[in-house]
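FYI, it's all coordinate maths here, none of it is from the lab. No experiment lies behind these values; they were computed from the predicted model shown. Note that each Cβ is placed from the backbone with ideal geometry, even for glycine, and that neighbours are counted across all protein chains shown.
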Ligand SMILES: [Zn+2]
């Protein structure tokens, strides 16, 4: 039977958000510099979707220097600067996480170029062609970086040294690359490894990726009652309610979400999976 999100009880998410507003802390993403409100550690970064564990004050100046600078550039809308900075960070330390952040910077840049396309131009629209070309170029750079990160993670798996967080990262890399079958395989692996909140989150991302919004809603109801839900999950629930035509529940929940979750820090999710 198809899960009906119209009958879904959203009050538990409203309560969860209110609780987060009162009791939670902000965790700092050591990958992209975003601060994410979280009820439990680890949480999920609302921008890059990697796990976040520490508060800013718990980290050393060394840990925060690249991510803080990266985040400031993005916040200022300087995507080209964020691309350059993350290129340098990869050159210094070629980890799969750094390649992933570098790829996301390219994707943001690509999206920005698309947003500059206008259909109100007179004449031959040369300007639009330039934006379209720049966007395609940025996107293919992003794919290259994603592939580099994928091969590092896959090498770790074949060594037998892959942790849950590597499998989770590999899952995200496949999702961003649009590779459905490999993403599904990583998801199965996360389940096998008892990936907990990461598995739960990844499952929603996967259903959303394949356009199965009923699946997003039914998997959210399966974990009802748990407080160990990454708040970023709620973004996918709102999207699924909306896509399934449950506009009033979607509207109520997104109003509550934006009270507690900084819309700027989740901008990437919004452009990736749709506005809330
Ligand atoms: Zn992040």
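General observations
- GNM on the chain, alpha-carbon springs under 10 angstrom: the most fluctuating residue among 169, 241, 130 is 130.
- More than 13 angstrom apart: percent of Cα pairs within region 87-134: 62 percent
- The ellipsoid that matches the Cα gyration tensor of region 1-152 has semi-axes, each √(5λ) in whole angstrom, of 32, 25, 15, with the longest given first.
- When you restrict to C-alpha pairs under 8 Å that are six or more residues apart and normalise by the size of region 81-176, the relative contact order lands at 31 percent.
- The residue 151 and residue 181 beta-carbon pair, evaluated with R₀ = 25 Å, returns a calculated FRET efficiency of approximately 0.90.
- Between residue 136 and residue 117, full extension at 0.36 nm per residue minus the direct alpha carbon distance yields a gain of 5.6 nm.
- Most mobile of 33, 178, 195 in a GNM of the chain (Cα contacts under 10 Å): 178
- Förster-model FRET efficiency, 51 Å R0, residue 93 and residue 248, C-beta, rounded to 0.05: 0.60
- Equivalent-ellipsoid semi-axes of region 72-224, from the Cα gyration tensor, Å, largest first: 32, 21, 13
- In this calculation the C-beta distance from residue 19 to residue 125 is compared with R0 = 35 Å, giving a FRET efficiency of 0.10.
- Separation in nanometres of the label points that stand 7 Å from Cα toward Cβ, at residue 212 and residue 60: 4.4 nm
- Alpha-carbon Debye profile of the chain, log10 I(q)/I(0) at 0.11, 0.13, 0.14 Å⁻¹: -0.64, -0.90, -1.05
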